[in-house]
1. Calculate, for segment 22-66, the solvent-accessible area per residue in square angstrom, rolling a 1.4 angstrom probe over the heavy atoms of the protein chains.
2. In degrees from 0 to 90, rounded to the nearest 10, what is the angle of the helix 10-24 Cα long axis to the longest principal axis of the chain?
3. What number, in percent, do you get for the relative contact order of the chain if the mean sequence gap of Cα pairs under 8 Å and at least 6 apart is divided by its residue count?
4. Efficiency by 1/(1 + (r/R0)^6): what FRET value for PHE65 and HIS42, r their Cβ-Cβ distance, R0 = 25 Å, to the nearest 0.05?
5. Enter the angle in degrees (range 0 to 90, nearest 10) between the Cα long axis of helix 36-52 and the first principal axis of the Cα atoms of the chain, meaning the one along which they spread out most.
6. Summarise the accessible area of the chain (1.4 Å probe, protein heavy atoms) by the percent that is carbon and sulfur.
7. Could you tell me the accessible area of GLU24 in Å² (1.4 Å probe, neighbours in place), rounded to the nearest ten?
8. Okay, helix-only estimate at 222 nm for the chain: each DSSP H run of n ≥ 4 adds -39500 (n - 2.57), divide by all residues, round to 500 deg cm²/dmol; what do you get?
Amino acid sequence: MLPEETSYGLGSRAIKFMKKIALENWIKKLKGSLSLFDLSTHKDRLLHFYAKNGFTITDNKIEKFL
């Protein structure tokens with residue numbers, strides 16, 4: 001996402017779509033990691049976004065059981 005495209009709900013819609021595709025393919029967990037650069041530049045915004053979308057955040061790892 002480009003910075004000027006933030007706060008329009010696009011990221012939340014992308015996660016909703018990933019969840020739909022995952023469930024259709026019997027995937028029970030979404031997981032990933034946050035880059036150290038992103039955490040150093042806009043950590044609070046990232047943590048809020050992933051928490052709002054139901055992810056558990058540990059250090060730079062994120063996961064969501066479906």
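1. Working: 3430 Å² over 45 residues.
That works out to 76 Å² for each residue.
2. 20 degrees
3. On the way: 51 pairs, mean separation 23.0, N = 66.
Answer for the chain is 35 percent.
4. Numbers: r = 26 Å, r/R0 = 1.03.
FRET efficiency, PHE65 to HIS42: 0.45.
5. That helix lies at roughly 50 degrees to the long axis.
6. Details: 3080 of 5280 Å².
Its accessible area is 58 percent carbon and sulfur atoms.
7. Counting only protein heavy atoms, GLU24 exposes about 110 Å² to solvent.
8. Details: 2 runs with 32 residues, N = 66.
Helices in the chain give a 222 nm mean residue ellipticity of -16000 deg cm²/dmol.
The values are calculated or read from the model by the stated rules, or taken from the named source; none is laboratory data. These figures come from a predicted structure and were not determined experimentally. Virtual Cβ from ideal backbone geometry, glycine too; neighbours counted across all protein chains shown. Ligands, DNA and RNA are excluded from the accessible area calculation, which covers all protein heavy atoms including side chains. Shrake-Rupley method; radii C 1.70, N 1.55, O 1.52, S 1.80 Å.
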